[in-house]
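The values are calculated or read from the model by the stated rules, or taken from the named source; none is laboratory data. The structure presented is a predicted model; accordingly, all values stated were derived computationally and were not measured. As a convention, Cβ positions derive from the backbone with ideal geometry for all residues, glycine included, and neighbour counts pool all protein chains shown. Ligands, DNA and RNA are excluded from the accessible area calculation, which covers all protein heavy atoms including side chains. Shrake-Rupley method; radii C 1.70, N 1.55, O 1.52, S 1.80 Å.
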Amino acid sequence: MRSLWAYAYEIVPPQRSSRLATIRTLLQDETAAARGGARTWSGRLVLERRATHILIVSDAPGRNYAINRRLEAELERLDAAFSVTEPLVVAGHAEGDRWLATYGGNGR
């Protein structure tokens, strides 16, 4: 069983949903590409009052991938200040525990 890794981008001040259409498309496209390539990768937008978050779960521990460069380039184009966490292993998954994460939203 492969380990899963999670990391997050935090954008402060928070961004309006309408400004994040390209980010949303990048996340959807990468999720679809991962499914087609038998990889695990999923990204979600979380819009909050104090910050906007991009949450990523992947089967790879690094952040030096094309999707990260595209996301960061778009955030820079938007002139959005952001920080990003280091990837952390998803507890329980590496030990073989079964869990199910679901999300039906689209970051709006």
Being of a type in the set (A, V, I, L, M) and more than 18 Å from THR85 (Cβ to Cβ), is that true of even one residue in region 54-66?
yes
Say whether the condition of being open to solvent by less than 50 Å² (accessible area, probe 1.4 Å), out of contact with any Lys or Arg (no Cβ under 7 Å at 6 or more places or on another chain), modelled with pLDDT of 95 or more and closer than 22 Å to ALA91 by Cα is met by at least one residue in region 7-19.
yes
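Report, by residue number, each residue of region 41-72 that is open to solvent by 40 Å² or more (accessible area, probe 1.4 Å), aliphatic (A, V, I, L, M) and over 19 Å from LEU88 (Cα atoms). Talk me through it step by step, then tell me what you get.
Within region 41-72, the subset open to solvent by 40 Å² or more (accessible area, probe 1.4 Å) is 44, 46-50, 55, 57, 61, 63-66, 69-70, 72.
Of the ones still in play, those that are also aliphatic (A, V, I, L, M) are 46-47, 55, 57, 66.
Across region 41-72, the qualifying residues are LEU47, ALA66.
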Based on what the data block shows, is GLY62 over 14 Å from TYR7 (Cα atoms) and modelled with pLDDT under 95?
no
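This table checks each residue for (1) small (Gly, Ala, Ser); (2) within 13 Å of the chain's Cα centre (by Cα).
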| residue | (1), (2) |
| --- | --- |
| SER3 | yes, no |
| VAL12 | no, no |
| GLN15 | no, no |
| ILE23 | no, yes |
| ARG35 | no, no |
| ARG49 | no, no |
| LEU55 | no, yes |
| ASN64 | no, no |
| ILE67 | no, yes |
Scanning region 72-108 residue by residue, those assigned to a strand (DSSP E or B) and either modelled with pLDDT of 95 or more or in contact with a helix residue (DSSP H, G or I) (Cβ under 7 Å, 6 or more places away or on another chain) (or both) turn out to be PHE82, SER83, VAL84
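Could you please let me know if LEU26 is modelled with pLDDT of 95 or more and open to solvent by 50 Å² or more (accessible area, probe 1.4 Å)? Steps first, please.
On the way: modelled with pLDDT of 95 or more: yes; open to solvent by 50 Å² or more (accessible area, probe 1.4 Å): no.
Criteria not met by LEU26.
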